[in-house]
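In what follows, a single structure is set out as structure tokens and then discussed.
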Amino acid sequence: MSFVRTAIAYVELSRPINGLIAFVSVFLGAIFASGSFTLSTLIVAVSAFLVLSAGNAINDFCDYQIDVINKPLRPIPSGCIQRQHALVFSLILLLMGLLLG
């Protein structure tokens with residue numbers, strides 16, 4: 001499998017649209033609550049994106065057997081990403097998000 005296809009599979013695994021929704025929600029919520037923008041606002045929003053992305057990846061790891069039947073084109077059941085790699089990817093995203101937050 002090519003590097004590009006593998007990279008796309010990891011992006012799909014993290015479901016960036018969901019992460020973007022979390023980012024925007026936290027970002028705007030913090031700005032509206034405080035009345036101003038700070039670097040901390042941006043950092044916490046990025047942290048929310050990373051933690052949610054980790055949750056999406058671990059969900060796909062745990063739901064592998066279900067996805068084989070119901071969503072076989074997802075990155076893990078389709079064979080683009082190995083389950084163990086998805087778990088490591090999820091833990092890395094989670095660690096990055098927690099350290100950043």
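Just so it is clear, none of the values below were taken in a lab; they were calculated from the coordinates. No experiment lies behind these values; they were computed from the predicted model shown. Ideal geometry is used to build each Cβ from the backbone, glycine not excepted, and the neighbour counts take in all protein chains shown.
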- Report, in degrees rounded to the nearest 10, the 0 to 90 angle that the Cα long axis of helix 3-14 makes with the longest principal axis of the chain. 60 degrees
- With the contact rule set at Cα under 8 Å and sequence spacing of 6 or more, what percent relative contact order holds for the chain? 35 percent
- Considering the alpha-carbon set of the stretch 7-52 alone, what are its Rg and its Dmax in angstrom? 11.9, 38
- Query: Using a Gaussian network model of the chain with C-alpha springs under 10 Å, which one of L39, L87, L52 is most mobile by mean-square fluctuation?
  - Reply: L39
- Query: What is the magnitude of the charge dipole of the chain about its Cα centre, with +1 placed on the Cβ of each Lys and Arg, -1 on the Cβ of each Asp and Glu, and no other charges, expressed in debye to the nearest 20?
  - Reply: 120 debye
- Of 19-25, 63-69, ordering from highest average Cβ density within 10 Å down gives 19-25, 63-69
- Query: Binning every alpha carbon pair distance of the stretch 9-101 at 10 Å from zero, what are the percents per bin?
  - Reply: 19, 41, 25, 12, 3
- Mind checking which of V44, I76, L93 is farthest towards the positive end of the stretch 3-100's charge dipole, using Cβ charges of +1 (Lys, Arg) and -1 (Asp, Glu) about the Cα centre? I76
